[in-house]
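Take a look at the structure set out below.
The values are calculated or read from the model by the stated rules, or taken from the named source; none is laboratory data. Not measured: the values here are computed from a predicted model. Every residue, glycine among them, receives a Cβ derived from its backbone with ideal geometry; neighbour counts consider all protein chains shown. In case anyone asks, the SASA skips ligands and DNA or RNA and just uses the protein heavy atoms, side chains included. Shrake-Rupley method; radii C 1.70, N 1.55, O 1.52, S 1.80 Å.
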Amino acid sequence: MSHAHTLASRTAFGGMPDAVLHLEINLAEHTRRQAAGIGPLTSYGYGGLGTLGTLPENLPVPLAALTPAQRESISQAPARICAVSRNQVTRHAIPVCQVTLAETTAPMPGWLAFDAAGSYRQFTTVAVRIGRRHPPTDDWLGAFARAGMGVFLGTGDRTVTLAQPRPRLRVMLESWWSAETAYAAYLQQTGQAPPDLGG
């Protein structure tokens, strides 16, 4: 079961262009984390998430099968994320949400609009919402469409889709990291302070 939520990106990603992020919260993992006192896994580090991403969910893996760097990373993870027992490690944490769409806005199409939307393309599906009354030229529509980026025209209930966004083939680590970052902002926005991951 999942829960849809929208989020202003400036609260989630420092230095990125403004966008509205559309999230799907995994309610089962969210509930598990809340009960276990686990917040976003960004405190565990990019490398820590990289190690977790190599482990299957809830299946023990011999520590001997991991590299020394991976074993070091595992040794720093709280048991609520992954547990070590009898020379085996079992990952419990899974991605708690998914960024399904990043939607930027621009008054008209152009390189600035293209670059702003494209900056999110590394980890999710993207679209740009154009505010002008007249649709962009075929040249610009073609550029966005070839890049897999959607183009929406108008605001509110009067939205017209000029180019359909193509789902982004996600890279596990980048997607998980960005999702955990967005989850931290989601917890803040909904009044659920992220607990301290340490210990």
In range of the label at Asn58: residues from segment 89-130 whose backbone nitrogen is under 12 Å from the point 7 Å along Cα→Cβ: 91-94
Potential lengthening between Thr155 and Glu24 on full extension [0.36 nm per residue; Cα-Cα distance subtracted]: 44.9 nm
Gaussian network model of the chain, springs between alpha carbon atoms under 10 Å - residue of Gly39, Gly48, Gly154 with greatest fluctuation: Gly154
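Placing +1 at every Lys and Arg Cβ and -1 at every Asp and Glu Cβ, with all other atoms neutral, what dipole size does the chain have around its Cα centre, in debye to the nearest 20? Working shown, then result.
Values: 16 positive and 13 negative charges, 36 e Å.
Dipole about the Cα centre, nearest 20: 180 debye.
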P(r) histogram, all alpha-carbon pairs of segment 96-185 included - 5 Å bins from 0, percent: 3, 15, 26, 22, 15, 11, 6, 2
Rounded to 5, the percent of DSSP beta bridges in segment 1-118 classed as antiparallel: 95 percent
Inter-label distance for Gln188 and Thr67, nm, one decimal - labels placed 7 Å from Cα along Cα-to-Cβ: 3.2 nm
The chain, accessible area per residue, ligands and nucleic acids excluded (1.4 Å, Å²): 52 Å²
Beta bridges by DSSP in the chain, antiparallel share as percent, to the nearest 5: 70 percent
Kirkwood Rh in Å, taken over all unlike Cα pairs in the chain: 18.3 Å
Candidates Leu153, Leu23, Leu59: whichever shows maximal mean-square fluctuation once the chain is modelled as a Gaussian network with Cα springs under 10 Å: Leu59
GNM flexibility winner over the chain from Ala35, Ala184, Ala12 (Cα, springs under 10 Å): Ala35
Segment 67-163: antiparallel DSSP beta bridges as a percent of all, rounded to 5: 45 percent
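Rounded to the nearest 500, what is the 222 nm mean residue ellipticity of the chain from helices alone, with -39500 (n - 2.57) per DSSP H run of 4+ residues and division by all residues?
My calculation for the chain gives -9000 deg cm²/dmol from helical runs alone.
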